[in-house]
Each structure stands twice: as structure tokens, then as C-alpha cells.
Amino acid sequence: MTQLALVIDLNVCVGCSACVTSCKEWNTSGSAGPLVDERPYGADPTGTFFNRVQTFEVGEFPATETVHFPKSCLHCEDPPCVPVCPTGASYKRKEDGIVLVDYDKCIGCKYCSWACPYGAREIDEKQKVMKKCTLCVDRIYDKNLAEIDRKPACVKACPTSARLFGDIHDPESVVSIAIRENGGYALMPEWGTHPANHYLPRRKTNLKIHEDELERADNPLKKDGKLPKPSKNEPSLDDISSW
Amino acid sequence: MNPAFSVIFLTTLIGAGQGLFLALFTEQSYAVFHLLPRQGGGFYAAGSLIALVLLAAGLAASFFHLGHPERAWRAASQWRTSWLSREVIALPAFMGVVFCYAVAHWLDMNWVIATLPGGAVVDFTVLLGAVGTILAFVLFGCTGMIYACLRFLREWNSPLTVINFILLGGASGFILAAFYASVAAPELSSFFGAWAIILVLLGLAGRGASLIRNRRLRPKSTMQTAIGVKHPKIVQKTQGSMGGSFNTREFFHGKDAAFLKLVRPGFLLAAFIAPLGLLGLSLSSPATLGLAFLFNYVGLIAERWYFFAEANHPQNLYYQTIG
Amino acid sequence: MGIFLKTKFKDRMSSIPLHDPTAPQEKCEIRKTTCYMCACRCGIRVHLKDGNVRYIDGNPDHPLNQGVICAKGSSGIMKQYSPARLTKPLKRKPGTERGAGEYEEIEWEEVFSTLSERLGRIRSTDPKKFALFTGRDQMQALTGLFARQFGTPNYAAHGGFCSVNMAAGMIYTIGGSFWEFGGPDLERAKLFVMIGTAEDHHSNPLKIALSKFKREGGRFISINPVRTGYSAIADEWVPIRPGTDGALFLALIHEIIALGLYDRDFLVRYTNAGQLVNLDAEHDEVGMFVRTEVPEEEGCYDPQNKLWWDRNTDKPVITHSEGADPYLFGEFKLADGTPVKPSFQLLQERVEEYTPEWASGITGIPAETIRRLAHEMGITARDQKIELPIAWTDSWGKEHDSVTGNPVAFHAMRGLAAHSNGFQTIRAMSILMSILGTIDRPGGFRHKAPFPRPIPPCARTPNTPLAVKPDHPLDGLPLGWPADPDDLFVDEKGEPVRIDKGFSWEYPLSVHGLMHNVITNAWKGDPYPIDMLLIFMANMAWNSTMNAVEVRNMMTDKNENGEYKIPFIAVCDAFHSEMTAFADIILPDTTYLERYDVMSMLDRPISEFDGPVDSVRIPVLPPTGDCRPFQEVLIELGTRLRLPAFVTREGKRKYRDYPDFIVNFETEPGSGIGFLSGWRGKAGEKFMRGEPNPKQWEMYAQNDCVHHYELPRSYQCMRNWNKGYLDWSQRNRITRYSEPILIHLYSEVLQKFRLAAQGKGITRKPPQRHAKRVEEFFDPLPFFYEPLETQMSDKGKFPLSAVTQRPMAMYHSWDSQNAWLRQIHAHNHLYVNASTAKFYGVEDGDWIWVESQWGKVRCMARHSEAVEPGTVWTWNAIGKAAGAWNLSPDANESQKGFLLNHLISEELP
Ligand SMILES: Nc1nc2c(c(=O)[nH]1)N[C@H]1C(S)=C(S)[C@@H](COP(=O)(O)OP(=O)(O)OC[C@H]3O[C@@H](n4cnc5c(=O)[nH]c(N)nc54)[C@H](O)[C@@H]3O)O[C@H]1N2
Ligand SMILES: Nc1nc2c(c(=O)[nH]1)N[C@H]1C(S)=C(S)[C@@H](COP(=O)(O)OP(=O)(O)OC[C@H]3O[C@@H](n4cnc5c(=O)[nH]c(N)nc54)[C@H](O)[C@@H]3O)O[C@H]1N2
Ligand code: SF4
Ligand code: SF4
Ligand code: SF4
Ligand code: SF4
Ligand code: SF4
Ligand SMILES: [Mo]
């Protein structure tokens, strides 16, 4: 069985929010849209987004890490948001594991959002239905798009390619390999939701310097350190003593 | 969570309605076994009607919670998995039975169904009452389970949630029944009143237990599991939306800790202590009993507000700081 | 409880959805153009449905962004449909005051007649009374041409506020710089040191490269008082006190020289390290390189007539003599007794006292960290050498079998450039990069065409007020690169000719002009009052001004006669900005989706390391309302004013419109050099140089709006001294000279100014009041001094430094009208190190006042562990003036946001 997912590499994510607005842009004009913006030019502008980037500071100065953390629906393999939905509007697709909301069935009771531990669902305050990341289901199968474009909008946009997309049930997919090889992990594993989306941790490259690397025979100082010989005519002890 | 008044009214109103119905049928059961004098059909009919009004008001309130009330009928479809769907079925079913119960009493449809060994006569209204009772408990169960089944809302995820829905709804229904009786059948008000005291005490114990339990809860999700970084000190700096979002509106009550500290004794006082005092004062004065119900109901609104406010959703870990 | 409470989800899968999320999308028309949500200029595809923009994504075939796009680029739709757009020419309502923002709509004809009448009068009396200043635009080739043709010296763009120290410091040292003209080769680097960079002009490409670099195991160190954005993913964050990087670099140089970790071969051959400096204090030429008589070639720019002291023969020889190997250290006497030292010896003496311990006290970085950084740089450069099997020939005719490189790359931006000691700091950084041997080599710094250029580049401003003549073009370029005091644009008394005092003794190397001075100086009438200020794409009432409050007052200030001190202000903007409120006339510009534009080799093209690239914008939408591209406005004005470049000899219109101008304009008749380098020649068969091609736009359109010329591999590196490349570049008229561009570890240019200040030499001398300052700061070797504003402020009273950063999701002050981006940054906070905040009793979220000697501003504080304790910072230009940008009066930007520019000044305390 296929389970499509995103893998987000925190090792390279610079928190640029390209994934945030490209997602908004694609989805607001696509089948998931329009996505409302309230008070767009007024106080406390707010709207529906499927993906947001947050920032956390880890540790204390000077040993601080700044972590940029994009989050959208994790397309859980055992999604608690689905069974609680009274209308069947929330569903998980058998064919690819994508969790979706059927807007025409949704009554806007918000119950599913209570059942998502990750805060991945947002009600559209205008259309009054629950919305969330669709994994760009309207892109990835669209035969009208060129092959390379059949990817989620955020994945295509991400300048650091921190967002990988694929089937985590296929051990040879880019996402499975990335999870396997880079210590990919799931969020809040304690709830047994088995998020399909995974995150890759920061990895550090250090340089170890060995003492002998600093003192080597090919050191140019050995050439340059030599000063020119003084002229023979310059005064010396020879001029005043014969011992 | 951010308490929604539609849901507060829904749960408290139908709770009182269910309680009132249970009270009426308790009395009828006593009467069946000749432990109390049997009342005329009008007493039950009018009482059930009051219950029905409460249930209907609750149902109406719930519609305000929906983005698309016109599609509410769809909510009945997922009874296999969704407690909310089950509630959506149980509530009208219960209302239907209560309605029938009222009509049966009104029209004296006392067709005998069976006679029990002790000579107790089970008539049609008793049968309806028994079905109604089962449905009342089913409905309590569904309503409670809507909250109790959310395993990461740990304040709710406990049998106490269901038990308290039953006890608090029952208590308010019995107080209301006592008040009703003090007007319609004064000889019964002390019966309902006594039960009400018991239920209020049980409710206080149950709610007290959940308060104590919740105070001891240690969050299972932490900043560390939320973002998967293992360091004791993680502080959020931005959440990606400075004007707020659904996540900041739906899951935070927006009041400070001091307010919460005030609500807790407030609702304990109003929903439990004051009614107990008033019931202790008199089990027959309509004024006192009316006041007791009023206190209790207002107290329950506060209790329900607190019930929501106290629940700390793990998603909140991601929405700590605007920056 | 478990069983009782668990609702197990059992494979309950989808029924047929009512709302089919995969229903085929409406078909869109796709057009390609170039993004201008920022200066990076990525290729985009605009998806249109019924003439409306539906979606904008990155063009996968574009060399710059390779298909990716950023947060701003993806929000282009909301810019296009922003309610803050200007759609009709506006005139200040008669009887209303400037700044009140009351306007009435007018027609373009009135705009043109008003402007050409006024400009015509100015031009035929005193052209310098017209000042044209532009902001973050990318058409300086045209605006500069217009100013020059008009005859005014008073022209500059954002550069003077922005990159001037970076450009000047590096170009005067290595003949190229970061920003648009060069960058780190992260493809091959092993160690990457990023200093004072938040976002960048190279936004997406840098992100692409950084991620690849990290994934391939490169080590990334960020030196910055703040850890956000790029620094977040650094392997090591080195917090530094603002304005002290110079000290760090000097200590690194100290340590690298002391341990012999410098690349000797590189220094010898490609820098002036071995050249002998005259140390005869009595000599007029003291501090200059000793020169010998060699037959000077025609057109030779930097004659190869300096000396080395040869180790083999122990004699002075002409540099690069066959078989010679110079001493880099030592002290020698020429035959005539002149004491000389190799410049590297002088550098070593200079950094002698700049020990890591010394720098530690200044920068706040532990001395052992500084040492380790030096070792990491030196060892990586020395031991991880790259060798590519590419044969090339150097300028002295020596053939090399391979191109080698030292994989240590640097990148630096405003964090260095924007401090008043930035020039010397950037000199120090360039020298550090040079002694590590990383200039235009694989894995190090790489140039982008049209750089490298001679040091300094050949462009010069006039050096006399006589160059400004009524009804004549300016005799020279309005901006340039002085090589000595004789190149300054001053009068016989040594006083400035330009309104911003650029290229005067006050600001001698102000290579981009000083846009932030213009309003203050015009208001003061110092050096003279002007009649008309034309502002294009600059928010000089807010972001590109220091001391914003005062500057806003100056624009509304009147003289005794009740006339505005700056009589006429015209503003061309696309939005209701803070600036438009002060305009007497507003010219509504198009957006980037509505106009033609060129990113020309004459300005700042999008070149890659591997060769020149220029690009264009082609409109995908018609102009909104009555707005009109500023390019068209300039061509129309130029034509009406009969500026020679825009009319025929008979005074007739030469160009139909801007696209026609771009195709047909040549720098001189028949020069074959125009704005675009691609598809020149009658049939588009030539590039760089060739006759106008009437189909040039179509060809750009068919090629992703880009012309990318990939140099032969042997021309892609070592370009300062690459004979093949330099000859190619000369043949293609990218440069006039093909002489090698030796790195100026020791800067003679600076020494010439110093000599003038000391009264030596034959060049012009500064007025007395400037002599001391020029003598002190024009040091041919880098030195450290505290930023001037720090030196002059009371540290007891103002103990903290405040800096700004660009948020990746906002461009300057442009994007508050963008409904999506402003949800990400609706207002700004002041970030304060938690321990500093506690010390001052500031809680997280408190409202506080921040004060400098120039002013104070109220803001909300946030605690942070990712900022050095002596620094506070905020996002730049998020705070807005109430009423601007068509935001509601209660918008967060004006109610909660703030602008740090209220706390700075263009003048010293
Ligand atoms: N405190 C602080 N101040 C700074 C800086 C800092 O880091 N900190 N950075 C400085 C730097 S590096 C720079 S470059 C300057 C930049 O400063 P400016 O060049 O003044 O940039 P903006 O503030 O964005 O103003 C640009 C104007 O262009 C308008 N505009 C946008 N698109 C178009 C268009 O298509 N056509 C026209 N005609 N107008 C358009 C916008 O509406 C806006 O009014 O700011 C400087 N100011
Ligand atoms: N998204 C976005 N991109 C932009 C722009 C934009 O407005 N938005 N503007 C464009 C323009 S015009 C420009 S000029 C570039 C500028 O690009 P940057 O030079 O990256 O400009 P800033 O964002 O001002 O970042 C300056 C950095 O230097 C640090 N810093 C400050 N003082 C010091 C210091 O003394 N030493 C060190 N080591 N670091 C210091 C600050 O913390 C900050 O991280 O960006 C361009 N790209
Ligand atoms: S687009 Fe990529 S780098 Fe930018 S915030 Fe999203 S995941 Fe991170
Ligand atoms: S992340 Fe939340 S909304 Fe998405 S599938 Fe999991 S539980 Fe459901
Ligand atoms: S909000 Fe919609 S999707 Fe969510 S539970 Fe209610 S009906 Fe289902
Ligand atoms: S997969 Fe599509 S819907 Fe989901 S976050 Fe990415 S762009 Fe948005
Ligand atoms: S980096 Fe600049 S040019 Fe590139 S997509 Fe973003 S806004 Fe556009
Ligand atoms: Mo800039």
C-alpha cells in the first residue's frame, strides 16, 4: 500500500517561508481554494494556510540553536482526525494514504481539529469548512502537468530542497532512504498516530585539527623568514677588536 | 481549549433535560413499586415537556457551533466510528422517546405490559420510561465520550469525564425536578431534593476527583517530542502568523491564570456548595429550590467553561509565541 | 480505561468524495518572465486564467533559481492585486500641504508638460538643480544615462546606502566583490564562512547552494551577532559584537601569517605581496611602490613596472621576471639607498599587535576560538587543495596544466558593509581571503561578469564643476571610481560639486553616491539648493533614509517666502508608500508583471561564475489603470527635452518606446554595444557586441528571458590574471584593458590620498579641515577602529548596539501591502538577549523605549538566546507610518511595528 508523505530536512531548512506562500498560492486558486484572508489590510490579518513555518530557540547563549520548523498535515497512518468526523467528510485515501476533507460533506463542527494533536487543520472562516494540506493531490496526478511539475507546490518551491516527497512504504523511495539514512523521526510519537511525514534532524560537520598540521616542513615561513645578508661594508665587531 | 458557548449550552442544557427526565422516571419507578404515591399523567407529561424544551434548546444551541447547519443531517452517518455521530443519533432518539413518554402520560396510555412478581405493574409509560432511561445514559455516554475519547486531551481522556457528565446532568435535573415538584406536586419535592443532594455530593466528588486528577497530570507531549529536538530548553520565537490563526483562536481560552483560578472555586461554589446549602435550607420552598437550580445551572456553565479551558491541547505547544 | 475509551480506526477508507479534489484543473496559459519581488531576479512562470494571475512558480529552466521560488516570489499575485497600487497620475491638490496626502487625478499629458517645462528650464540654466535619486531599482543603466544626458551630476541609486563599503572595499582590493558581482563557490568549497549576512541579493541561488554544500558535508561557520535564517543551519555560530569584524579579520591574518598558513605561491604571483614599498620618509613617493623604467605599452592600465627582491639573485628584479622568486619578508636597500620592504612585510608588521587576545577583548569571541578559526581556514585551504585538469595561461605567458583552488569560501554582506569602519573591515576580509589563496579559484571566491575589473575600475566622474554646463550632457559619468585625488569631483577650492557631496574630500570613495544625504543637503542648501527632486522606486521618507523623522520634516519645511525648501518633488512609485505622500506629482509605475525591463551588463546582470548572463522582463499583463512604466516616462521626457541620446540630429524622436530603445540604442553610433548582450547582430548571431537585432526581444522570450554565455572552461577561473579570459573580455569590450589585475594587499590608491593629505605628491590637496581625517583613514593597510558613531557616543548611556536584518519573506518596505506576506510579518519586535533583558528588567513582550543620541522609538521587546548580549535587533522596515500603503489606521505595522531608522543619522554626533 502506498503512503505518500513529505520529509522535511531541518538540517537545511532556513525558514524562508517559500513553502508557506507557494502552498497558499497554489491552493487558493486550486481545488482546495479559495483560502480566506480576513482583515488582509487591517489589524491582525489572519487567514487559512495549510503550512506554516515556526521558529524555536534551543539552548542558551552562546550554545544556541535556532530551529526553523515547517509544519503541515502529517497524513498520519492512523489519523485520529478521521474516525471522529461525524459526517465522513474527513477521510484517508486508500490508494495513497492522503488524508483529505470533503468540503461538500463537512459541517464545520471542528471536531476533527480537536482530534489532531498537531494543530494541522484550520477552519476556513469564510467557507466554514475544515481545511488542511492536501499533499497537493490536485497536482501530483494531473496529467496536464509536465512530469517534473507533478509534485506538491511547496516541494517545488523550497529553495533548499528541504522538502522531499514520496512513498514512505516503498523502501527505495527518496523519502524512505532519507528517513533511514539520516535518522528521520516522527512528531509526538507518543500518540501512536504514525505520522507519514517525517523530519530529518540537524547534522553537524566538525573539523578536527591535529597538532602536526600546524608545524610542517613545507611551511612557507621557512623561505620567507630569511632576511637578506647585510652588506659586508656595514660596521661589525671586526672593526674594533682583534682579540 | 477555547470554550464555545454553543457547546457549553448544548451540554449543560441537555444534561439538565436528561437529568430531569431521569428524575421523573425515578419517581415513577418508585411509584411502580408503591414506594411513592402515583402522580397523575399531567405531572409527568408537563415535566417531560420541560425536559424536552431543555433538550431542544441544547440542540438549537449546537447548531450555532456548526459552519454548515443545513448539512447537519450528514452527521448521523458515521456512527460506527464517531461518538459525535452517535450523539447526533442518540439525542433526537432520546428526545423522541421523551416526547412519547410525555404524550403517553398526557393521554393516559397506561396499557399494562406486564405485572412483576411483587405486584408491580409495568405499563406502557414505564416501558417508554425505561427505554428513555437507557437512551439518556447512552446520550450521556456519547456526549461524555466525545471528549473522553480524545486521547491527547488528557484532562478529558478519563472515565471521570463520562461519569461527571452523568452526575452533573443528573444533579441539575434532580434539582430542577425538586423545584418543579415544589410547584406541581409539593409532596415530592423532598424526594427529588434528597436525591439531588446525593447527586450533587456525588457530582462534587466526581468533579473534585477530576480536578485533582488533572492537576496531577504531567503532559505527555513536550516541546521535545513536538519538534523532535532533545534539549531541555526549547523556546518558541515565531509561529508563522502574527495576526493569530485558527490554532490560536480555537485552542486557547485567552484568559489569564488568575481568571482561571477564580472560575474554579466559583463554579464549585455555584454548582455544588450553594445548591447544597439551599437544599439544606429547605426542600419545599419553590423560591429556595428555584434559586438552587439557578445557582447550579450558572455554576455548570462556569464548570463547563472551565472544563474546556482547562484542557490543554498538545497542539498548543506549537503556538506559544507570536514573533 | 484503554479499551473503554479507545476508538480504534479500522481501515475506514474513502467513499466517493462529493468534492473531487483531483478534478482536472482549469487550463492556464503560461508565460515566462523575471521576478522582481526582490533584487535576486529569478526566472518565473506566470500561469494566467482569463487574463488573471492564478499561480506563479519558478522557471525550472532558469540558470539562477532552477525552478525554485521564495516566499516573496510566490506572493507576487497579491502585489499585483494590492489595494495600495497607484493607478492614475496624481497631483497634490492645490492649496493642500505636502505630506497631507491629498491628491487629484491628472492625465499623463499634464505630467509630461509639467515635468518637461520645469526640467527644460532647469537644464538651460543650471542642470545640477535637478537631482534624480533611485532606490532598489535595477535600471541604473537607463536612469544614469538619463541623468548624464540631462547634464546633472546629481544622480545616485540605493548603492550608497547599501553596498558601498562592500563594493569599494573589495573592488579596491581584489577587483571584484560580493553582491551581484561575485560570490562563494559552494559547489567546491569545503569550509564556508558567512559573515553578517541575513538574506541576500542572491536569495534563492544562495539557498540552493547552501543546502547542497551542507548535504555534501561542507562545514559552515556563521559570524553574526544574531543567529537566524542562514546562520540557523550553520555548523558553528560565532557571535560577534557589531562593528568589530575588522578586529577579528586582522587577528586571523595575524595568526595565519604567524603559522605560515598562507598560500605563498598565490601571494607571490597574483598579489602585490612581494612588491617593494618605498620607505624613504623624505621621498615624495614614500609609501608607494618603487617603479622602474620599462617600455610602457599603449593602453596599459597597471604597468608591470614594480620590483621584487629576488631570493635567487638577492637583487631587485622586475616583478614576475622569469625564474625570480621574491622575498615576502625582509627589509632591503635599493642601489640608490632607498629603504624598501615587500608589502607583505608591512602587512605582517601591521598585524603584529593584532593578536587573538587583543581581538577577543573587542569582538567578544574567545581567543582560542579565533585561533581555531584561523587554523581551520589555513589547514583546509592548504590540505584540501582542489586540482582541476584544465590548462590555462596566465597574464605573464606562463602555462599551467591545471587550475587549482583552496576550498575556503567566504560570503559577507551588510553586517560588514553598513558600519562606518566597513571599508577597512572589508579590506581586511579581502586580504584574509587573498592570503588563503581563494580569489577566483575553485572552492573560493568567484567573480561574475563584468567583473573582475581593473583596480580601481576605469569609470570616472568629472573632476571639475566645468563638466556641468547648461543644455549639455554631463562631461563624464555621475558615479565612478577615483584612483587618486585628481579624480575627485570638486571645485578648485576642493569643495563638492554634487549635492550629496559624493566624490568630495568629505566622501572621497563614495562609489555609489550617497542617496541618504540628498534631502538633508537640499534642505540645508549645502552645498547648494536644488529646484527639483525626482525619486524613483525609493522610499526616502522611510526606509532609505536615516533620521526618518527629521527628513520628513525637511520635505515639508518652507523658507521665509513660504516656499518649500525643496521646491518640487516628483515621485515615481507603484504604491502609496511613505514617500508618495510628500510628492507634488506622483507617477504611477507598473508592476514587474506589466513591463519590459532589462538586467543589463551595463548595470548589475545576473551573471554566473561560468560566464556572463543577462536577462529581461516581458510583460505578462497589461498595465493596471493608467500606470506607465518609468522607462517609458524617461524616454518620453528625454525625447521632449531633446536629450541627444533620445533624439536624432534633427531633434526628432528616435525611439518609439522602451523596447525599441533597448533594441536600437548603442553607446556610440555603430559601437555594437547596447543594453542587452544576447542575440545581437542582424540575425541574432552575435553576443556582447553586434548591430541591433530587431528580433532581440523575441529571442529572449524564446529563451526563458535569459542570455547565458558559458565561458570556455579555461576562462572560468583565475580571471584576474587569466590571459585567455582577459583577452576575450577585452575583445568583447567588457573591459578596455587586458592587463593582469594584481590583488592590492597594499593599497597605493589609499596611499595617494594619504600623501595628498600630508601635503606630498603632485595631486590635489584636501582643504585643511579634511587633511587630518584623510591622512588617518586612508591607510594603505587595513587597521581597526571602532565605528565612528560608537566612538562618539557615551557608552555608559548607550551601551548596546542595535542592528536590523531583512526577513526572508519581505522585501524592504514594499510588502506590507501584500496580504499574505504581512500575515507572516505584521509587526516587528526588538530582540534582546535574555540575560541583558533581565539586567534591565525587561520582560518578554514588554513595551519599551529604545533610545540613541538621535532619537527614541517605542517597541515591543522579546527575549532571545540567539543574539549576542551587547546587541539588540529587529527586522528592517516592517514598521510603517500610519496611513501609508493603504493599510487601515489600526494596522499592526503602524500600531505595533517600529522603524529603527528613527535612531540613526546620516551625520555624526
Ligand atoms: N535601518 C535600516 N535601513 C536600511 C537598511 C537596513 O538594513 N536597515 N537597508 C538599506 C538598503 S541596503 C537599501 S538598498 C535601502 C532600500 O531602500 P529603498 O530603495 O528606499 O527601498 P524601499 O523602502 O523598499 O522603497 C522602494 C520603493 O519602491 C516602491 N516600488 C516597489 N515596486 C516598484 C515598482 O515596480 N516600481 C516603482 N516605481 N516603485 C516600486 C515601493 O513602493 C517603495 O516605495 O534601504 C536602506 N535602509
Ligand atoms: N528578503 C529580502 N531579501 C533582500 C532584501 C530584503 O529587503 N528582503 N534586500 C536586498 C538588499 S537591497 C540588500 S542590500 C541585501 C542585504 O542583505 P544582508 O547583507 O544579508 O542584509 P541584512 O539583512 O541587513 O543582514 C545583515 C546581517 O548582518 C548582521 N550584522 C549586523 N552587524 C554586524 C556586524 O557588525 N558584524 C557581523 N558579522 N554581522 C553583523 C545582522 O545580524 C544580519 O544578520 O539583501 C537583499 N535581499
Ligand atoms: S521553503 Fe524550504 S527552506 Fe524555506 S521554510 Fe519551507 S522547508 Fe524551510
Ligand atoms: S496531522 Fe492531524 S490532520 Fe493530519 S492526519 Fe494527522 S491527525 Fe489528521
Ligand atoms: S469539521 Fe468537517 S471534517 Fe471536521 S469533523 Fe466536522 S464535519 Fe468532519
Ligand atoms: S503538499 Fe501542497 S497542500 Fe500540503 S503543504 Fe505542501 S503545498 Fe501545501
Ligand atoms: S528571490 Fe527574489 S527574484 Fe527570486 S523568486 Fe524570490 S522574490 Fe523573486
Ligand atoms: Mo541594499
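No value in this document is a laboratory result; all are computed from the given coordinates. None of these values were measured; they are calculated from a predicted model. All Cβ positions, glycine included, derive from the backbone under ideal geometry; neighbour counts span all protein chains shown.
Results, tabulated for the structure shown:
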{"read-out": "Hull shadow area, averaged, the protein assembly as shown [alpha-carbon convex hull, nm²]", "value": "66.1 nm²"}
{"read-out": "The range B:5-317 - convex hull of the alpha-carbon atoms, volume per residue in Å³", "value": "156 Å³"}
{"read-out": "Amide H partners (placed H, <5 Å) of residue C:898, local residues excluded", "value": "C:828, C:879"}
{"read-out": "Two-decimal log10 I(q)/I(0) for the range A:131-170, as the Debye equation yields it once each C-alpha is a single scatterer, q = 0.25, 0.28, 0.34 Å⁻¹", "value": "-0.93, -1.06, -1.16"}
{"read-out": "Average Cα contact separation per residue, chain A, under 8 Å, 6 or more apart, as relative contact order %", "value": "26 percent"}
{"read-out": "Net dipole in debye of the range B:5-317 [+1 Lys, Arg Cβ; -1 Asp, Glu Cβ; about Cα centre; nearest 20]", "value": "1720 debye"}
{"read-out": "Amide hydrogen neighbours beyond the local backbone of residue C:403, cut-off 5 Å, H modeled", "value": "C:388, C:390"}
{"read-out": "Trypsin sites (Lys or Arg not before Pro) within the range B:180-255, DSSP loop, no more than 16 other Cβ atoms inside 10 Å", "value": "B:220, B:230, B:233, B:255"}
{"read-out": "Kirkwood Rh in Å, taken over the range B:200-323 so that all alpha-carbon pairs contribute", "value": "17.1 Å"}
{"read-out": "Student exercise, the protein assembly as shown dipole from Lys, Arg, Asp, Glu Cβ charges, in Debye to nearest 20", "value": "3720 debye"}
{"read-out": "Computed P(r) (all Cα pairs; the range C:312-358; 5 Å bins; percent)", "value": "5, 18, 22, 21, 14, 8, 6, 4, 1"}
{"read-out": "Fraction in percent of alpha-carbon pairs per bin - 10 Å, chain C", "value": "2, 12, 21, 25, 21, 12, 4, 1, 1, 0, 0"}
{"read-out": "Which of C:19, C:551, C:78, positive extreme of dipole for chain C (C-beta unit charges)", "value": "C:19"}
{"read-out": "Sites matching GluC sites (Glu not before Pro) across the range C:689-792 that sit in DSSP coil, with at most 15 neighbouring C-beta atoms within 10 Å", "value": "C:710"}
{"read-out": "For the range C:747-755, Karplus couplings with θ = phi - 60° (6.51, -1.76, 1.60), whole Hz, Gly/Pro x", "value": "9, 5, 4, 5, 4, 5, 5, 5, 4"}
{"read-out": "Rg/Rh (Cα only; Kirkwood hydrodynamic radius) as it applies to the range A:1-41", "value": "1.10"}
{"read-out": "Ranked A:21, C:22, criterion: other C-beta atoms within 10 Å, fewest first", "value": "C:22, A:21"}
{"read-out": "Per residue convex hull volume, Cα atoms of chain A, in Å³", "value": "294 Å³"}
{"read-out": "Gyration tensor (Cα) of the range B:193-248, equivalent ellipsoid semi-axes in angstrom", "value": "41, 18, 7"}
{"read-out": "More than 17 angstrom apart: percent of Cα pairs within the range C:229-277", "value": "60 percent"}
{"read-out": "Kirkwood hydrodynamic radius over Cα pairs of the range B:1-70, then Stokes diffusion coefficient at 20 °C and 1.002 mPa s, in µm²/s", "value": "160 µm²/s"}
{"read-out": "Computed helical MRE - 222 nm, the protein assembly as shown, DSSP H runs ≥ 4 contributing -39500 (n - 2.57), nearest 500", "value": "-10000 deg cm²/dmol"}
{"read-out": "Radius of gyration and Dmax over the Cα atoms of the range C:470-519, both given in Å", "value": "10.7, 30"}
{"read-out": "Residues A:242, B:6, sorted so that the one with the fewest Cβ neighbours within 10 Å comes first", "value": "A:242, B:6"}
{"read-out": "Shielding by partners, peptide A:126-132 (average Cβ within 10 angstrom, other chains)", "value": "2"}
{"read-out": "Share, in percent, of DSSP beta bridges within the protein assembly as shown that are antiparallel, nearest 5", "value": "65 percent"}
{"read-out": "Rg/Rh ratio calculated on Cα atoms of the range C:510-556 (Kirkwood radius)", "value": "0.93"}
{"read-out": "For C:49, A:110, order by how many other beta-carbon atoms lie within 10 Å, fewest first", "value": "C:49, A:110"}
{"read-out": "Relative contact order %, the range B:5-317, counting alpha carbon pairs below 8 Å whose residues are six or more apart", "value": "20 percent"}
{"read-out": "Farthest positive-ward along the range A:184-243 dipole, Cα basis, beta-carbon charges - from A:231, A:214, A:199", "value": "A:199"}
{"read-out": "Signed unit charges on C-beta, dipole axis of the protein assembly as shown, positive-most listed residue B:309, C:905, B:299", "value": "B:299"}
{"read-out": "Dimensionless Rg ratio for the range B:233-278, taking C-alpha atoms and the 2.2 N^0.38 Å reference", "value": "1.85"}
{"read-out": "Relative pair counts by distance (%), Cα atoms of the range C:9-163, 10 Å bins", "value": "8, 19, 27, 23, 13, 4, 4, 2, 0"}
{"read-out": "Relative contact order (percent, whole number), chain C, Cα cutoff 8 Å, 6+ residue spacing", "value": "17 percent"}
{"read-out": "Hydrodynamic radius by Kirkwood, which averages 1/r over all alpha carbon pairs of the range C:103-179, in angstrom", "value": "14.8 Å"}
{"read-out": "Under 19 Å from the Cα of residue C:333 - lysines, other chains or at least 8 residues apart", "value": "A:226, A:229, A:232, C:306, C:315, C:341"}
{"read-out": "Ratio Rg/Rh [Cα only; Rh per Kirkwood] for the range C:565-651", "value": "1.06"}
